[in-house]
There are 2 protein chains.
Amino acid sequence: MFVKKRKKQKPDAVVQQLINVVGESEVLYLKEDLISYECDGYTMSKGMPRAVVFVNNAKQVSEIVKRLNKEKIPYIARGAGTGLSGGATPFGGEVLISLVRMKKMLHVDLENRKAVVEPGYVNLKLTQSISDKGYYYAPDPSSQYACTIGGNVAENAGGAHCLKYGVTTNHILGLEIVLPSGEIVEIGEEGVPDRPGYDLLGLLTGSEGTLGIVTKITVKVLKNPEGKKTVLAYYDDINDASQAVSEIISAGIIPAALEMMDSIAIEGVESAAYPVGHPRDIAAFLLIEVDGIAAGIDAQIDEILTVCKRNNVREVKVAKDEAERGLWWANRKMGFGAMGAISPDYLVQDGVIPRTRLPEVLARISEISKKYELRIANIFHAGDGNLHPLILFDASIPGQSERASKAGSECLKACADVGGSITGEHGVGIEKSAEMRFIFSDEEMAAQTDIRAVFNPENLLNPGKLFPSPGRCVEVKQGTVGTGT
Amino acid sequence: MFVKKRKKQKPDAVVQQLINVVGESEVLYLKEDLISYECDGYTMSKGMPRAVVFVNNAKQVSEIVKRLNKEKIPYIARGAGTGLSGGATPFGGEVLISLVRMKKMLHVDLENRKAVVEPGYVNLKLTQSISDKGYYYAPDPSSQYACTIGGNVAENAGGAHCLKYGVTTNHILGLEIVLPSGEIVEIGEEGVPDRPGYDLLGLLTGSEGTLGIVTKITVKVLKNPEGKKTVLAYYDDINDASQAVSEIISAGIIPAALEMMDSIAIEGVESAAYPVGHPRDIAAFLLIEVDGIAAGIDAQIDEILTVCKRNNVREVKVAKDEAERGLWWANRKMGFGAMGAISPDYLVQDGVIPRTRLPEVLARISEISKKYELRIANIFHAGDGNLHPLILFDASIPGQSERASKAGSECLKACADVGGSITGEHGVGIEKSAEMRFIFSDEEMAAQTDIRAVFNPENLLNPGKLFPSPGRCVEVKQGTVGTGT
């Protein structure tokens, strides 16, 4: 194969500094190489980075950070780039510090239930590497085949099973971090029930890459549950499905997962890679999984079936084997990407509400859909009230992108108005920094940015994310597809 | 009865300011009234407060804080005063803001599994008030009959059942806080899996009253488990008991509680209010509780019995009814106080280690006991590696208090040396601020005190706690008894 030799462009002084630290092969700085780094999984905003530098260890990160500080060049840490709120998207001119080469599993200690990985280690690989010994890593974002644990820490990623097992922050025991000063610090230790001092581990987790760059992560690993059973329930009325969700939780059952999809979402997943054969004329389905001690599972499944039937289910069934269970989950986890099969573009939103307010919020989302004349699919972690409205649009039709953005923002407002929140698991990033106003007062925003200043006083690390920074504006461009959760 | 009328002492200007806010009956300022506020449950250090002011609402707290700021008078929030590390103990001259009058349950929402309480609400009352509806509040420090939920938030309190259910921070959904500026803010909302921005809720919880004064708390409540069974296992060799702990966890069982007591601790509890009739010649016993779906419990109990027997248990039995189970727990929860039955004074320590290092740390504690010629009892949450060495001494014998303090500090060093931590659940307070050096570098301490400065820039709120403040020294006095965990 003939590869055209590209005309060499001389690196500028900043790029040369990066090259001095990691070598020429580890720095991208030509425009054609940078294009694919203009955004992450959130594609409504794009910006050209100044360079991308691939690092191999914490020392290199520290050295690069120190040099960029001296030049006052902003920088952003990036993992797999699957984030859905633009946390790793440049505004323009930042240096991207890519952690994908730091992808080693460093240590596993099953007896004390923990593993130590580098930040570029892919989420799913952890479970794959310990499953033969009977263990797994719980947080399972739908992008887990690609997303990295470093990115999961930055975003405090969730997943279908966070109802029972908690989100990333509940599974992090320790972090090594390069602070914006260039200093390398370790926080957290073994799996202790409490730690002295302020909870820096919790503070760093979910800080969306604005307080430090994670270079090593100690995570909890869990013993595989003894058994697992999965129920699929089809409903003609979405209110019946919502009521069933409430009653399952009220019964004292904590399912490992309790997912809901409405009819437009079903239209999507049935048109994509893993069709299950869901009826097209239902209003919604519930996908409910129970795990734990084998002896207890059947009783819980019986109770779930009873609740489903009491709430006018059209059809309800238990997966007959692992193959069927796997297909149901593959179909569900394709959810976001599947929207590409029924719409040229879509925007994923991510709000949280108290479970009991589900019917009224769904009604409001339906009104928003009518108002903006855009279809909205709903896929959600119903058990913990985490909605994902998917706003379908066509960026090639003038005005649709803007309408989609506005509709998305109104969906979040609807969540905030019932006492909920503007993100369940995707983070704030670029996408929602304006919507932070829905839930935080000026004083609360100030307290947060003061905390950022403790770690990141020059605001060179990922500026303009999470909280609006003065003097920065977002250039909104047309959006396509993101990886899912 | 004849009560001698006390000679009225005129309040000073600061006290007068407090009286102006809450009324004369709500301020203590005479020396004889202040004596019982010289320390909390940690009695190795004492200091006389300037005054104690009883507040009824957040507005009063805010007003008092503003006035004290103006006068540059330091102040401390205090709940029931059952803390074990001196978090609510004055150095001398602080105003104690007592929250015990703010003891209302404000709201219960069982459908969304939460309750809102004032900070002075007693921990156990919450479970008592909802148990008839089938719900409970999980964190259960041994002092739960007296300690307040506000204090639990400050200390991130644990308890016997935190192995399975987590510590206080895992059960807090929202807080109303009076900041040291006097501003009243709300953080957290409904039970959302993630919250945008930095995790201030996690940061405030366990901050030992140094970042703000909690005036309202939203907690999670849990559905009662369907069933519960409790095992008691007697061992002739403490290493066998330790090995059984490891094997139970390795088997994938997460008991609700997994407690251990050694022979000196047993001597104590058998001499106190709730003797069980434990043999006096064993090395240790394990108290193991399993809860959950009824159908799964018997299988787990069978496996626990098998593990115990495999590890040379002398005798193992399952509680035959709720009365027996209750007695076993009353005996265990008396643990700390029971030391008073076998020693004039004792010092409770609180360290954490990786579970697998238990035998070597116990051996080191035994050496420390010999070195200082003081008996040390061990009561611990074995499942999560949280040790409570209880150093027995007699403060009336010159030198013993000092030796007890040194022995306690060496026990913590032993924990830190195996990768553990210096507090599991009692906090740092006054007691361990020096020991923070065992686990934090100067840079890490600076990051922590910088965070304090964001909330508490004048350091008037609980100065000298958690981290050493320059210019403050601790006056060590003789110690007696604390309430337990």
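Below, the figures for the structure above:
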| item | result |
| --- | --- |
| Phi to ³J(HN,Hα) by Karplus 6.51 cos²θ - 1.76 cosθ + 1.60 over segment A:308-317, Hz, x for Gly, Pro | 4, 5, 4, 9, 6, 5, 7, 8, 9, 8 |
| Chymotrypsin sites (Phe, Trp or Tyr not before Pro) lying in DSSP loop within segment B:109-179, provided at most 16 other Cβ fall within 10 Å | B:Tyr145 |
| B:Leu106/A:Met445 FRET efficiency (R0 35 Å; Cβ-Cβ; nearest 0.05) | 0.85 |
| Three principal axis lengths of the protein assembly as shown [C-alpha, angstrom, descending] | 93, 60, 55 |
| Cα-centre dipole for segment A:105-223 with unit charges at Cβ (Lys and Arg positive, Asp and Glu negative), debye to 20 | 420 debye |
| Relative contact order [Cα under 8 Å, 6+ residues apart], segment A:105-223, whole percent | 32 percent |
| Label 7 Å beyond Cα on the Cβ vector: A:Asp298 copy-to-copy distances, nm | 1.2 |
| Exposure proxy order (Cβ contacts within 10 Å, fewest to most) of A:Ser271, A:Ser396, A:Ser405 | A:Ser396, A:Ser271, A:Ser405 |
| Chain B: angle of helix B:238-250 to the longest principal axis, Cα-based, in degrees nearest 10 | 80 degrees |
| Exam field: B:Ser396 pseudo-label spacings to other copies (7 Å along Cα-Cβ), nanometres | 9.4 |
| Amide H contacts of A:Lys216 (H built 1.01 Å from N, under 5 Å, at least 5 apart or other chain) | A:Glu176 |
| Length-normalised contact order of chain A in % [C-alpha pairs under 8 Å, at least 6 apart] | 18 percent |
| Dipole magnitude of the protein assembly as shown, debye to nearest 20 (Cβ charges: Lys/Arg +1, Asp/Glu -1, about Cα centre) | 1540 debye |
| Dipole moment magnitude, nearest 20 debye, chain A about Cα centre, only Lys, Arg, Asp, Glu C-beta charged | 1600 debye |
| Debye equation applied to the C-alpha atoms of segment A:13-98, log10 I(q)/I(0) at 0.13, 0.17, 0.22, 0.26 Å⁻¹ | -0.36, -0.63, -1.02, -1.34 |
| Taking A:Asp321, B:Asp40, B:Asp237 and counting other C-beta atoms within 10 Å, the order from fewest to most | A:Asp321, B:Asp237, B:Asp40 |
| Amide H contacts under 5 Å for A:Tyr346, placed H, 5+ residues apart | A:Phe393 |
| Loop-located GluC sites (Glu not before Pro) in segment B:1-109 whose Cβ has at most 11 other Cβ within 10 Å (DSSP) | none |
| Selection from B:Leu34, B:His107, B:Ile365 lying farthest towards where the dipole of chain B points positive, charges on Cβ | B:Leu34 |
| Folded to 0 to 90 degrees: helix B:58-71 orientation relative to chain B principal axis, Cα | 60 degrees |
| Under 5 Å, built H, 5+ apart or other chain: amide partners of A:Arg375 | A:Leu392 |
| Value of relative contact order over segment B:247-301, rounded to a whole percent, pairs C-alpha under 8 Å and six or more apart | 42 percent |
| FRET efficiency estimate (nearest 0.05) - Cβ-Cβ, B:Asp33 to B:Lys70, R0 25 angstrom | 0.50 |
| A:Lys228 versus A:Ala251: modelled label distance in nm, points set 7 Å from Cα along the beta carbon direction | 2.1 nm |
| Estimated vicinal HN-Hα couplings, Hz - segment B:410-424 in sequence order (Karplus 6.51, -1.76, 1.60; Gly, Pro = x) | 5, 4, 5, 4, 4, 5, 4, 5, 9, x, x, 9, 8, 8, x |
| Point-to-point label distance, A:Ala363-B:Ala341, nm (Cα→Cβ direction, 7 Å offset) | 6.2 nm |
| Nearest-0.05 FRET efficiency for B:Lys320 and A:Ala453, computed from C-beta distance (R0 51 Å) | 0.25 |
| Shielding of A:201-210 by partner chains, average beta-carbon count, 10 Å | 4 |
| Table column - 3J(HN,Hα) (Hz), segment A:381-392, Karplus curve with 6.51, -1.76, 1.60, x for Gly and Pro | 7, 5, x, 10, x, 9, 8, 10, x, 10, 8, 8 |
| Farthest toward positive dipole pole in segment A:266-347 [+1 Lys/Arg, -1 Asp/Glu at C-beta], among A:Gly268, A:Val318, A:Ile301 | A:Gly268 |
| Percent of beta bridges antiparallel (DSSP, segment B:13-98, rounded to nearest 5) | 20 percent |
| Share, in percent, of DSSP beta bridges within the protein assembly as shown that are antiparallel, nearest 5 | 85 percent |
| Other copies of A:Val276: label-to-label distances in nm, shortest first, labels 7 Å along the beta-carbon direction | 4.7 |
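None of the figures in this text is laboratory data; all of them are computed from the coordinates on show. No experiment lies behind these values; they were computed from the predicted model shown. Cβ atoms come from the backbone with ideal geometry, glycine included; neighbour counts cover every protein chain shown.
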